[in-house]
Amino acid sequence: MIFATIETPLAKPIPALVSNGRVYPLPFADMHEVIQVGAREAAQRKSEASFAEDEVRFLAPLKPNNLRDAYAFEQHVRAASQNRGRDIPKEWYQFPVFYYTNPNGIFGTGDEIPYPHYTQALDFELEIAVVIGKPGVDIKPEDAHHHIFGYTIFNDWSARDVQLAEMKVGLGPAKGKDFASSLGPVIVTSEALADRSVNRPGVYDLNMAARVNGLELSKANFKDIFWSFGDIIARASDSCELQSGDVIGSGTVGTGCLLELTKAQGPWLQAGDVVELEIERIGVLKNTIGRKKI
């Protein structure tokens, strides 16, 4: 099943079911209520009336309660470490790491992304994210699928020069990341991806790509992730309850950002650039970079 939050000429933002090219409004206040009810029950309550996909505007599917981002693709971690003149820390292989970012700075497909005045190195990050459905604490990796409502595309926008300076202090990233995160265009449930399972908890064989101004720069596959979402959820829920509506990103896939592709030298994103992140079965998350505020 595929869920979205939409806007129509006659309706405020509402959750919807997307099926066979049609969009069916759902009788819930927001995506959080859909998650609480559950995918199957929510789908059964779809409106009889529907829209074509090009008749509605797709918004960010939800505003997360909490937004965590992991660091789970080895190729990206290796490239980022080399850019800092070091090897991958041995600790990275001992447990999946993640950081908390801003759950309030959420943008959807089609939205303009603000260009922070304080950076000269704006970057995209191609990621996949899970949306937590069932709350839980001390979740085992093999049980993680019971707690995942679905998957969406995640762009963890980054101010690389600011991020680099923050990380030298030994704390962060903070201002290098908190200005924007994009999610969407939809949330796809595990059931809809079952035929692409690779027998690792929460991992599927899905092609991923990133384009800037129509030029493909990044190409990868979700199945290449080192730490599975089962591993990540187990780590995040260790002595800490995950809540319904939390979102956890995978971290950047290999080749999934300009930092990696240009060895941290740029060129970086500029005002007016159009960034498209695409993940098979989920769709395209498209944003335009806005003007920098002086």
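Observations, loosely collected:
- Scope the range 97-123; condition touching a helix residue (DSSP H, G or I) at 6+ places or on another chain (Cβ under 7 Å) and either surrounded by fewer than 20 Cβ atoms within 10 Å (Cβ to Cβ) or within 13 Å of Asp156 (Cβ to Cβ) (or both); matching residues: Phe98, Tyr118, Gln120, Asp123
- Annotation: Gln163 fulfils all but one of (1) of a type outside the set (A, V, I, L, M); (2) out of contact with any strand residue (DSSP E or B) (no Cβ under 8 Å at 6 or more places or on another chain); (3) surrounded by fewer than 17 Cβ atoms within 10 Å (Cβ to Cβ); the unmet one is (3).
- Once the range 111-129 is narrowed to residues that are under 19 Å from the mean Cα position of the chain (by Cα) and part of a loop (DSSP other than H, G, I, E, B), the residue that is farthest from Ala210 (Cα to Cα) is Asp111.
- Listed by position, the strands (runs of 3 or more DSSP E) enclosed by the range 1-110 that each have at least 2 residues that are β-branched (Val, Ile, Thr) are 2-8, 11-19.
- So Gly108, is it out of contact with any His (no Cβ under 9 Å at 6 or more places or on another chain), under 17 Å from Gly245 (Cα atoms) and in the same structural domain as Phe179 (by TED's automatic domain parsing): yes
Here is a yes/no grid of residues against (1) of a type in the set (A, V, I, L, M); (2) in a strand (DSSP E or B):
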residue: Val131; (1), (2): yes, yes
residue: Phe149; (1), (2): no, yes
residue: Glu166; (1), (2): no, no
residue: Gly176; (1), (2): no, no
residue: Leu193; (1), (2): yes, no
residue: Trp227; (1), (2): no, no
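- Considering residues of the range 258-294 that are under 17 Å from the mean Cα position of the chain (by Cα) and among the acidic types (Asp, Glu) only, the residue farthest from Ala194 (Cα to Cα): Glu276
- Filtering Ser218, Ser239 for residues that are among the polar types (S, T, N, Q), at pLDDT 95 or above and surrounded by 20 or more Cβ atoms within 10 Å (Cβ to Cβ) leaves a single hit, Ser218.
- Of the residues making up the range 163-198, those that are polar (S, T, N, Q) and free of Cβ contacts under 8 Å to residues at least 40 places away in the same chain are Gln163, Ser197.
- Flag if Thr101 is more than 24 Å from Gly202 (Cα to Cα) and modelled with pLDDT of 95 or more: no
- Scanning the range 105-145 for residues that are over 20 Å from Lys293 (Cβ atoms), in contact with a strand residue (DSSP E or B) (Cβ under 7 Å, 6 or more places away or on another chain) and of a type in the set (Gly, Ala, Ser) returns Gly108, Gly110, Ala129, Gly133, Gly136.
- Being surrounded by 24 or more Cβ atoms within 10 Å (Cβ to Cβ), assigned to a loop (DSSP other than H, G, I, E, B) and either outside the structural domain of Glu33 (by TED's automatic domain parsing) or touching a residue at least 12 places away in the same chain (Cβ under 8 Å) (or both) holds for only one residue in Gly266, Gly245, Gly256, and it is Gly256.
The values are calculated or read from the model by the stated rules, or taken from the named source; none is laboratory data. Note that the structure is predicted; figures quoted are calculated from it, not measured. When we count neighbours, we look across all protein chains shown, and the Cβ atoms used for this are built from the backbone with ideal geometry, even at glycine.
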